[in-house]
Amino acid sequence: MNVLGIHHVTAVSAKIVENLEFYTGVLGMRLVKKSVNQDDVSAYHLFYADTVGSPGTDLTFFDWPSIQPNRPGVATVSLTTLRVAGSSLKAWEQRLKEHGVVPEWDLDRKGRDRLTFADPEGQQLALIDDSGLANQVVPWTKVVPNEMAIRGILGVDLDSARPDATRKVLTELLGFDDVDGTRFVIKGEHHSAEVLVNDPQERAFGQVGAGGVHHVAFGVQNDQELLAFQDKLASAGIRTSGYIDRFYFHSLYFREPGGVLFELATEGPGFASDEDPDHLGEKLALPPFLEPQRATIERDLKPLPEPKYL
Ligand code: ZN
């Protein structure tokens, strides 16, 4: 039993307006869902993805205005890698520079070209040439052209506190293939995923804050598989949150032994389950159990501008 790949990555913003402008206006992603943090309804939870919110394309942000800046270090995610066509990297370099972002060229571990840069709050990102990898997305082309569109999340780099234990979770519990002891891959039918496990040695522990990643979610087929994973994790002595109905998908969370929060999430029901696919993200979406509190929730949220493509 393997996970299907990356399902979503959830990060933290203290400047949600700038965040919205950057991810929709500069990176050209679609705001597919404007909701609230289900555990803290005073905070927006924004979801950026492809046109339809395909699993594996979804980068989401909690809006926590008073949180401290992210402190990089052990037990955190140090990089999130987004997939683009290799032929678009030069155009991306130019586009990022035009928006005041300074990208740097380098090669990843596999020798693929990539551009690394930071979002306005220091979130560490890379755009990578994803040629040859499984891909099933519907590019959002209202801001950047089809040939440049971000095609999802390839993976994350982890600064693990216990690299050996993290490697074991990835290979023995989640079904990743170990490429070279550092790079771990899932070659799914619909999306691929790569996790890099760094061994930061002397570095201090980090702390998740604005500009950092809160958790990484991996996709599973359905509820049955989610529950099977729950048993598998329990047998390995890893405590989980248990089954949680997030309405757009069903989840369970656990902290991997290297210190990073992982989630397993079902592929469905998906983001179009409560909104017209042509108008995703335009209104505040609440799962049914929060609907009775809509008036209070809306009153307490600050207004948010619309993405410029609307
Ligand atoms: Zn999540």
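Since every read-out is calculated from the coordinates, none of them should be taken as a lab result. As the structure is a computational prediction, the values presented were derived from the model and not from experiment. A quick note on method: Cβ atoms are made from the backbone with ideal geometry, for glycine too, and the neighbour counts reach across all protein chains shown.
Brief remarks follow.
- Relative contact order of segment 5-300: 25 percent, from C-alpha pairs under 8 Å at least 6 residues apart in sequence.
- One compactness figure for segment 85-149 is 1.13, namely its Cα radius of gyration divided by 2.2 N^0.38 Å.
- Under the Karplus curve 6.51 cos²θ - 1.76 cosθ + 1.60, θ = phi - 60°, whole-Hz ³J(HN,Hα) for segment 82-95, x wherever Gly or Pro sits: 9, 9, 9, 5, x, 5, 9, 4, 4, 5, 5, 4, 5, 4
- With a cut-off of 15 Å between beta carbons, the residues surrounding V74 carry a summed charge of -2, where Lys and Arg count +1 and Asp and Glu -1.
- Among beta bridges that DSSP assigns inside segment 5-300, antiparallel share in %, nearest 5: 65 percent
- For S192, the residues whose modelled amide H falls within less than 5 Å of its own, excluding neighbours fewer than 5 places apart on the same chain, are A134.
- Checking the cross-link pairs K34/K308; K110/K142; K15/K97; K110/K308; K283/K308 against a 25 Å limit on the alpha carbon distance flags K110/K142; K110/K308 as lying beyond it.
- Result for the chain in a Gaussian network model with C-alpha springs under 10 Å: among L227, L280, L170, the largest mean-square fluctuation is at L227.
- Per-selection Rg to Rh, segment 138-219 - Cα, Kirkwood hydrodynamic radius: 1.04
- Viscosity 0.890 mPa s, temperature 25 °C, Stokes-Einstein D of segment 49-205 from Kirkwood C-alpha radius, µm²/s: 147 µm²/s
- For segment 5-300, dividing the convex hull volume of the Cα atoms by the residue count gives 125 Å³ per residue.
- Among D159, D50, D300: highest mean-square fluctuation, GNM of the chain, C-alpha pairs under 10 Å: D300
- Segment 162-273: C-alpha gyration tensor shape, a/c 1.5 cut-off, then a/b vs b/c: prolate
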